[in-house]
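The values are calculated or read from the model by the stated rules, or taken from the named source; none is laboratory data. Bear in mind that the values here come from a model prediction, so they are computed numbers and not experimental data. Here the Cβ is made from the backbone with ideal geometry for all residues, glycine too, and neighbour counts use every protein chain on show. We work out accessible area using only protein heavy atoms, side chains counted, and drop any ligands, DNA or RNA first. Shrake-Rupley method; radii C 1.70, N 1.55, O 1.52, S 1.80 Å.
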Amino acid sequence: MKKEILIALLLLAALFAATTFFYGKGSCGSNETPMRLAGKAQGSYYSIIYYDKAQRDFQQAIDSLLNDFDLTASLWVDNSEICKVNQATEPIQVSPRFADLFQKSVQINEYTDGCFDCRIGPLVSAYGFARKKQQDLSDSERDELLRICRGQVWLDTSDDGTITLHKQYPQSALDFNAIAQGYSVDMVCDFLAAQGLKQYLVDIGGEVRSRGTKPDGQTWKVGIERPAADKKDERVVEISVALTDQSVVTSGSYRKYYEKDGMRFSHTIDPYSGTPVQHTTLSTSVVDSTAWRADALATAFMVMGVERGREWLKKHPEVEEVFFIYDDGNGMQHYSTPKFKERVNE
């Protein structure tokens, strides 16, 4: 974990260096100074900017909120609820928040024809993207893990409101990593809204949601990273987008991967094949009203890839703002839905 914390701190330093460019200083002609909070969350950074005439400092409250969320959804906290669920061999009582995360995951699983699946935990672990070392899986071992991942997991609620999670196979393990950061962004935004704030930008590990504008009416500007050739490469902005009362989340294959025999394997696992995705899509970005949904959809599009993703979008015109970066063999290319193009600032 020391390495992850160091990376998070370096990312945080880089974020502050870029903050003036993307988010701006105090608005021209305005006597409102933005409040800025920053820290570590979920193995990465968080950065929050908000305007508050009372200049209230919500650092402690937000740290507490995020730490509490880790106790629900983090695979890196031994006594977290998700770790207890994954270790359970019998039905286990879960909290309303855990149940909500699970139900939202099931919703997106059905919506994306199975391209998003929180039951993928055993495979994520086997490929070394959780706490265990990467394994060399034979076809039969992979197929057995796929069988477990496809086992039924469900909730029931008793008359007294107790929620119980059931697993068809004791080895079943959930992984909320493809929805948790977005969900936590929404939690922080809900907290700020409850304090009466109407102008803020919340960024947790690159998952961003905004409300309102700056005091002078300018929209928030958020950068989308250019896919890097190597995970250690400096972060470079590919495009920036204007954001008001919406979220933008990017999922990519270029920072989290492992290499073997000269091949690169993404941390995104295809729930159909049980293998890391290997198509030419490098990143997908989704704009949505909520960060949890944008987060989950961005992961689903990474599983689909650009061609299949475009076909899916034809069937789902309600998903209006998606941006793909892919390599067609002749270099990096973009595909944007028409409405996404409208908010791009090259």
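Go through TYR45, TYR169 and list them by solvent-accessible area, largest first, probe radius 1.4 Å. Write down the numbers at each step before the final one.
Details: TYR45 25, TYR169 55 Å².
If we order TYR45, TYR169 from most to least accessible, we get TYR169, TYR45.
Accessible surface of the stretch 278-320, 1.4 Å probe: 50 percent of it comes from carbon and sulfur atoms.
Per residue, the stretch 90-208 exposes 45 Å² of solvent-accessible protein surface, assessed with a 1.4 angstrom probe and all protein chains in place.
Considered as an equivalent ellipsoid built on the Cα gyration tensor, the stretch 263-325 has semi-axes of 20, 13, 10 Å, the largest given first. For the peptides 60-67, 319-326, the ranking by mean Cβ contacts within 10 Å, running from highest to lowest, is 319-326, 60-67. Sorting 194-204, 152-162 by average packing, meaning the other beta carbons within 10 Å per residue, from highest down gives 194-204, 152-162.
Please arrange LYS315, LYS104, LYS341 by accessible surface area, largest first, computed with a 1.4 Å probe and ligands excluded.
Numbers: LYS315 155, LYS104 40, LYS341 125 Å².
Solvent-accessible surface, decreasing: LYS315, LYS341, LYS104.
Seen through its C-alpha gyration tensor, with square-root eigenvalues sorted a ≥ b ≥ c, the stretch 134-225 comes out oblate because a/c lies at 1.5 or above while a/b is not bigger than b/c. When THR33, THR337, THR213 are compared by accessible area at a 1.4 angstrom probe, the order from most to least is THR33, THR213, THR337.
For HIS267, the solvent-accessible surface with a 1.4 Å probe is about 50 Å², rounded to the nearest 10.
Using only the C-alpha atoms of the stretch 45-143, find the volume of their convex hull and express it per residue in Å³.
Numbers: hull volume 16.7 nm³, N = 99.
For the stretch 45-143, the hull spanned by Cα atoms encloses 169 Å³ per residue.
Taking Lys and Arg as +1 and Asp and Glu as -1, the other residues whose beta-carbon sits under 12 Å from that of GLY39 total 0.
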